[in-house]
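These notes are about the structure you will find just below.
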Amino acid sequence: MGKEQEAGSATASGGARIVVVGGGVAGLEIATALGKGRTGAIGSVTLVDSDSAHVWKPMLHTIAAGTRDLAQQQTTYLAQASDASFAYQPGEMCGLDREAREVLLAPIEAPDGREIVPGRRIAYDRLVIAVGSGANDFGTPGVDEHCFMIDSRRKADAFNSEIRLRMVRCMTSGEQLRVAIVGGGATGVELATR
């Protein structure tokens with residue numbers, strides 16, 4: 001049994017092992033409140049997220065546009081876990097073994113495909129699934145193939161990197177940079193004004 005698996009085993013105090021999957025506004029708030037207010041009934045609180053930090057979704061357009069520094073807009077899970085007395089486990093939930101009461105985490109791979117952390121299981125007594133939502137293209141033709149969805153920290157940063165590369169190309173070639181925004185919700189409208 002690996003260290004991560006042992007961390008999910010029965011706690012010394014005998015209290016419930018609570019696992020929160022998803023570090024968005026709801027998941028991070030739940031893990032923080034449970035960690036800070038932990039009593040004998042709660043043995044451990046573990047937050048699981050595939051990212052290393054949280055950014056409040058209404059600020060993603062500022063990261064995508066490059067008008068705010070990503071480092072200033074994020075709350076790292078490790079720092080918050082240390083401050084609020086919960087554990088953070090990096091990884092993407094890829095399954096759930098309800099009978100064994102375990103969350104299955106996919107392996108963590110480097111950008112070049114090397115496996116950094118093997119797939120693992122985290123045991124729970126109480127499970128909170130708070131994975132949030134993603135952008136919806138409402139079936140608009142071409143969106144899935146050609147658009148950046150700006151619904152996470154990583155995706156907003158990837159869009160910003162790509163737009164910067166295209167700006168350099170346009171500046172040196174004399175081409176005009178054309179950007180189309182699909183969606184008139186808060187992110188689309190705010191991004192257009194940036």
Discussion item. So the check is Cβ under 6 Å with 6+ separation or different chains; which pairs have a first residue in region 167-188 that's closer than 21 Å to Ile150 by Cβ and a second one that's of a type in the set (S, T, N, Q)?
Written reply: Val182/Thr140
Item to complete: Out of Glu92, Glu102, report the one residue that is within 21 Å of Gly27 (Cα to Cα), charged (D, E, K, R) and in contact with a Ser or Thr (Cβ under 6 Å, 6 or more places away or on another chain).
Response: Glu92
Worksheet, complete the sentence: Going through region 85-101 in order, the residues found to be in contact (Cβ under 8 Å) with a residue 12 or more places away in the chain and either aromatic (Phe, Trp, Tyr) or open to solvent by less than 40 Å² (accessible area, probe 1.4 Å) (or both) are Phe86, Tyr88, Gln89, Gly91
Worksheet entry | Ala33 being more than 15 Å from Asp125 (Cα to Cα) and open to solvent by 50 Å² or more (accessible area, probe 1.4 Å) | yes
Item to complete: Could you grab me the full set of residues in region 159-194 that are open to solvent by 90 Å² or more (accessible area, probe 1.4 Å), modelled with pLDDT of 80 or more and polar (S, T, N, Q)?
Response: Thr172, Gln176
Response to the item:
Scanning region 30-72 residue by residue, the ones that are free of Cβ contacts under 8 Å to residues at least 12 places away in the same chain and within 17 Å of Pro90 (Cα to Cα) total 0
Item to complete: Please state which of the following conditions Lys57 fails to meet, knowing it meets all the rest: (1) over 16 Å from Ser133 (Cα atoms); (2) at pLDDT below 90.
Response: (1)
Worksheet item: On the given criteria, is Ala123 open to solvent by less than 30 Å² (accessible area, probe 1.4 Å), touching a Lys or Arg at 6+ places or on another chain (Cβ under 9 Å), closer than 15 Å to Val19 by Cβ and not basic (Lys, Arg)?
Response: yes
Worksheet, complete the sentence: Those residues of region 102-114 that are without any contact (Cβ under 8 Å) to a residue 40 or more places away in the chain and either open to solvent by 100 Å² or more (accessible area, probe 1.4 Å) or assigned to a strand (DSSP E or B) (or both) come to a total of 6
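The values are calculated or read from the model by the stated rules, or taken from the named source; none is laboratory data. In this text, all values refer to a predicted model and were calculated from it rather than measured experimentally. Every residue, glycine among them, receives a Cβ derived from its backbone with ideal geometry; neighbour counts consider all protein chains shown. Surface areas here come from the heavy atoms of the whole protein model, side chains and all, with no ligands, DNA or RNA. Shrake-Rupley method; radii C 1.70, N 1.55, O 1.52, S 1.80 Å.
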